[in-house]
Amino acid sequence: MRLRVILLVVATSSLVLVSFLVPLALVLRTLAADHAISTATAQAQSMAPLATTLTASELGLTVNLVNAQTTTPVTIFLPSGTELGQPTPRSAAVQLAAKGQGRSFTTEAPGGEEVLVAVGGLVGGNAVIRTFVPASVLHHGVTRAWLLLGCVGLLLLVLSVVVADQLARSVVRPIKALALAADQLAAGDLSARATVAGPPEVRRAGAGLNRLAVRIGELLAHERETVADL
């Protein structure tokens, strides 16, 4: 019975932990990706005014300086076809952004996500600022957070096992004492009494067994008196 109580508590605790930790882990993953994309978007938008005020050479030096200090490389596609910063193919998403008017959006790219910002006001059309967010940046810190959640879940599971063991002991110990007293009575020891302890049901059973033992003693005494009279 003790093992069954422990297994029941472990199974219940596991279901609760899984239903709580798995959604929390997914939320942390989503928050990390949103934070990385928001940072990349702010970086691209901060360079939009420079694309309209600096020359191509000055803009190229600025982009190279930014790329040397960030984990999300920036590429600027000018209307003339010039490409500044991190070399990358002019994808269909870049061409779509070039047709917009100051519009920014995020799209999937091989190995991560790319943030595209269209900049108008240039001769010949719109420039496109592309910031690439690698998968390692999108999921930065997620593995460590998942490990921490796993450790917390394991700790809670161990605590539930300890609590379940103590609970099982408090229930099983009076039942064992009750069974021992019943065995002694069955063997003829009418002085045996059960300890009235534990849950209400076990206490009632122990009290009933004790009353039964007293009643058996009274009946045997009455029987001896009757035999003596005969």
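A short reminder: the numbers here are calculations on the coordinates, not readings from a lab. Computed from a prediction, not measured in an experiment: that's the story for all the values here. All Cβ positions, even for glycine, are placed from backbone atoms using ideal geometry, and neighbour counts span all protein chains on display.
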Once both labels are modelled 7 Å past Cα along the beta-carbon direction, what's the L180-T55 spacing in nm?
9.8
According to the Cα gyration tensor, what semi-axes, each the square root of 5 times an eigenvalue, does the equivalent ellipsoid of region 110-230 have, listed from largest to smallest in whole Å?
83, 12, 8
Between D165 and S191, what FRET efficiency comes out of the Förster formula 1/(1 + (r/R0)^6) with R0 = 30 Å and r the beta carbon distance, rounded to 0.05?
0.35
Using 5 Å bins from zero, what percent of all Cα-Cα pairs in region 1-52 falls into each bin?
4, 17, 11, 11, 9, 8, 8, 7, 6, 5, 4, 3, 2, 2, 1, 0
T30/V158 FRET efficiency (R0 35 Å; Cβ-Cβ; nearest 0.05):
0.75
Which entry in (1) 1.58; (2) 0.96; (3) 0.94 is this structure's computed Rg/Rh (Cα atoms, Kirkwood Rh)?
(1)
Which trypsin sites (Lys or Arg not before Pro) from region 67-110 combine a DSSP loop assignment with at most 10 other Cβ atoms within 10 Å?
none
Choice from G153, G120, G217 showing the highest fluctuation, given a GNM over the chain with Cα pairs closer than 10 Å
G217
Would you mind computing, in nm to one decimal, how far apart the modelled labels at R224 and R144 are, each placed 7 Å from Cα along Cα→Cβ?
8.1
How large is log10 I(q)/I(0) at q = 0.17, 0.18 Å⁻¹ when the Debye formula is applied to the Cα atoms of region 2-138, each weighted equally and without solvent?
-0.86, -0.94
Computed over the chain: longest principal axis from alpha-carbon atoms vs helix 2-46 long axis, angle to nearest 10 degrees, is 10
A92 to T106: extension gain in nm, 0.36 nm per residue of separation minus the Cα-Cα distance?
3.8 nm
Cα-centre dipole for the chain with unit charges at Cβ (Lys and Arg positive, Asp and Glu negative), debye to 20
220
